[in-house]
Amino acid sequence: DFRGSVLVLNWWGSGCTPCIFEIPELNRLASLFQDQVGVSFTINPSTMEIIESKSQLVQFLSINPFDNYDIISKIIKDNDFKYNHFTFEKELSNKLGVGPVPQNMIIDKDGILRYHSSGFTLGKDDVLFDEMNAVIKELLN
(Lines give C-alpha, C1' and ligand atoms only; values in the text may rest on other atoms or scores of the structure.)
Protein backbone atom coordinates (compact mmCIF):
# COMPACT_ATOMS: atom_id res chain seq x y z
CA ASP A 1 0.00 0.00 0.00
CA PHE A 2 1.62 3.23 -1.13
CA ARG A 3 -1.08 5.71 -0.10
CA GLY A 4 0.40 8.65 1.76
CA SER A 5 3.93 7.89 0.57
CA VAL A 6 6.17 9.66 -1.87
CA LEU A 7 7.00 7.14 -4.61
CA VAL A 8 10.39 7.10 -6.27
CA LEU A 9 10.20 4.94 -9.40
CA ASN A 10 13.10 3.71 -11.50
CA TRP A 11 12.54 1.98 -14.85
CA TRP A 12 15.46 -0.06 -16.11
CA GLY A 13 16.51 -3.13 -18.10
CA SER A 14 19.25 -5.71 -17.63
CA GLY A 15 20.78 -4.91 -21.03
CA CYS A 16 20.89 -1.18 -20.37
CA THR A 17 24.41 -0.12 -19.34
CA PRO A 18 23.34 3.43 -18.29
CA CYS A 19 20.68 1.82 -16.06
CA ILE A 20 23.39 -0.12 -14.23
CA PHE A 21 25.64 2.97 -13.98
CA GLU A 22 22.96 4.95 -12.12
CA ILE A 23 22.33 2.29 -9.43
CA PRO A 24 24.96 3.70 -6.99
CA GLU A 25 23.31 7.14 -7.05
CA LEU A 26 19.86 5.61 -6.64
CA ASN A 27 21.18 3.55 -3.70
CA ARG A 28 22.64 6.68 -2.13
CA LEU A 29 19.23 8.34 -2.42
CA ALA A 30 17.39 5.34 -0.95
CA SER A 31 19.85 5.18 1.97
CA LEU A 32 19.30 8.85 2.73
CA PHE A 33 15.54 8.40 3.21
CA GLN A 34 15.33 4.81 4.50
CA ASP A 35 14.61 5.91 8.09
CA GLN A 36 11.87 8.40 7.18
CA VAL A 37 8.79 6.88 8.83
CA GLY A 38 5.40 8.47 9.32
CA VAL A 39 3.08 7.66 12.20
CA SER A 40 -0.69 7.81 11.96
CA PHE A 41 -3.40 7.11 14.50
CA THR A 42 -6.89 5.71 14.03
CA ILE A 43 -9.62 4.90 16.52
CA ASN A 44 -11.39 1.56 16.48
CA PRO A 45 -15.05 2.68 16.77
CA SER A 46 -16.22 -0.48 18.50
CA THR A 47 -13.55 -0.52 21.22
CA MET A 48 -12.47 3.15 21.15
CA GLU A 49 -8.92 1.83 21.12
CA ILE A 50 -6.30 4.09 19.55
CA ILE A 51 -4.30 2.22 16.93
CA GLU A 52 -0.88 3.47 15.88
CA SER A 53 0.51 2.54 12.48
CA LYS A 54 3.83 3.36 10.87
CA SER A 55 4.69 3.54 7.21
CA GLN A 56 7.61 4.59 5.07
CA LEU A 57 7.25 8.21 3.97
CA VAL A 58 9.29 7.47 0.84
CA GLN A 59 8.96 4.22 -1.13
CA PHE A 60 11.65 3.27 -3.65
CA LEU A 61 10.49 0.97 -6.47
CA SER A 62 12.52 -0.50 -9.29
CA ILE A 63 10.46 -1.52 -12.31
CA ASN A 64 11.86 -3.71 -15.05
CA PRO A 65 9.27 -4.24 -17.81
CA PHE A 66 11.54 -6.49 -19.87
CA ASP A 67 13.12 -9.19 -17.70
CA ASN A 68 11.98 -11.76 -15.18
CA TYR A 69 13.41 -11.87 -11.67
CA ASP A 70 15.79 -14.73 -12.46
CA ILE A 71 17.52 -12.53 -15.05
CA ILE A 72 17.81 -9.41 -12.88
CA SER A 73 18.59 -11.07 -9.52
CA LYS A 74 22.35 -11.22 -10.19
CA ILE A 75 22.46 -7.51 -11.13
CA ILE A 76 20.45 -6.62 -8.02
CA LYS A 77 22.79 -8.68 -5.82
CA ASP A 78 26.04 -7.51 -7.46
CA ASN A 79 25.02 -3.85 -7.12
CA ASP A 80 23.21 -4.18 -3.77
CA PHE A 81 20.26 -2.38 -5.41
CA LYS A 82 18.25 -1.08 -2.44
CA TYR A 83 14.89 -0.53 -4.16
CA ASN A 84 11.90 -2.89 -4.02
CA HIS A 85 11.83 -4.70 -7.35
CA PHE A 86 9.01 -5.44 -9.77
CA THR A 87 9.42 -7.24 -13.09
CA PHE A 88 7.35 -7.59 -16.25
CA GLU A 89 5.35 -4.43 -15.46
CA LYS A 90 4.60 -3.65 -19.10
CA GLU A 91 1.01 -2.53 -18.44
CA LEU A 92 2.06 0.00 -15.80
CA SER A 93 4.90 1.20 -18.01
CA ASN A 94 2.50 1.71 -20.93
CA LYS A 95 -0.03 3.56 -18.75
CA LEU A 96 2.64 5.99 -17.57
CA GLY A 97 4.09 6.44 -21.05
CA VAL A 98 7.49 5.04 -20.18
CA GLY A 99 9.67 4.62 -23.26
CA PRO A 100 13.40 3.97 -23.39
CA VAL A 101 15.17 3.29 -20.10
CA PRO A 102 16.50 4.45 -17.73
CA GLN A 103 13.71 6.66 -16.49
CA ASN A 104 13.05 8.00 -13.01
CA MET A 105 9.86 9.49 -11.61
CA ILE A 106 8.80 10.92 -8.29
CA ILE A 107 5.10 10.86 -7.48
CA ASP A 108 3.79 12.84 -4.52
CA LYS A 109 1.48 11.62 -1.75
CA ASP A 110 -1.54 12.67 -3.83
CA GLY A 111 -0.47 10.66 -6.88
CA ILE A 112 0.79 13.64 -8.90
CA LEU A 113 3.96 13.31 -10.96
CA ARG A 114 6.48 15.83 -9.59
CA TYR A 115 9.71 14.75 -11.29
CA HIS A 116 10.71 12.87 -14.42
CA SER A 117 14.12 12.15 -15.90
CA SER A 118 15.00 10.10 -18.94
CA GLY A 119 18.44 8.81 -19.82
CA PHE A 120 21.70 8.97 -17.92
CA THR A 121 24.82 11.01 -18.57
CA LEU A 122 28.04 9.37 -17.43
CA GLY A 123 30.03 11.74 -15.26
CA LYS A 124 26.92 13.68 -14.23
CA ASP A 125 25.87 11.19 -11.54
CA ASP A 126 25.46 13.88 -8.88
CA VAL A 127 22.95 15.78 -11.03
CA LEU A 128 20.44 12.92 -10.84
CA PHE A 129 20.98 12.54 -7.09
CA ASP A 130 20.82 16.30 -6.40
CA GLU A 131 17.64 16.83 -8.45
CA MET A 132 15.80 13.87 -6.97
CA ASN A 133 16.98 14.62 -3.43
CA ALA A 134 15.72 18.21 -3.68
CA VAL A 135 12.28 17.11 -4.96
CA ILE A 136 11.85 14.48 -2.22
CA LYS A 137 12.87 16.91 0.53
CA GLU A 138 10.42 19.49 -0.79
CA LEU A 139 7.59 16.94 -0.87
CA LEU A 140 8.27 15.85 2.71
CA ASN A 141 8.08 19.41 4.05
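The values are calculated or read from the model by the stated rules, or taken from the named source; none is laboratory data. Predicted, not measured: the structure shown is a model, and the values here were computed from it. Cβ sites come from the backbone with ideal geometry, for glycine too, and all protein chains shown count toward neighbours. Ligands, DNA and RNA are excluded from the accessible area calculation, which covers all protein heavy atoms including side chains. Shrake-Rupley method; radii C 1.70, N 1.55, O 1.52, S 1.80 Å.
Phi angles of segment 62-73 translate, via the Karplus equation with coefficients 6.51, -1.76, 1.60 and θ = phi - 60°, into HN-Hα couplings of 9, 10, 10, x, 10, 10, 8, 5, 4, 6, 8, 4 Hz per residue; Gly and Pro are given as x. Assuming charge only on the beta carbon of Lys and Arg (+1) and of Asp and Glu (-1), the dipole of the chain about its Cα centre is about 140 debye to the nearest 20. The relative contact order of the chain, computed from alpha carbon pairs under 8 Å that lie at least 6 residues apart in sequence, is 34 percent.
When the alpha carbon gyration tensor of the chain is reduced to an equivalent ellipsoid, the three semi-axes, largest first, read 29, 17, 15 Å.
Comparing LYS74, LYS95, LYS109 in a Gaussian network model of the chain (Cα springs below 10 Å), the most mobile by mean-square fluctuation is LYS95.
Based on protein heavy atoms only, the chain ends up with 59 Å² per residue of surface accessible to a 1.4 Å probe. The order of ARG3, ARG28, ARG114 by accessible area, most exposed first and with a 1.4 Å probe, is ARG3, ARG114, ARG28.
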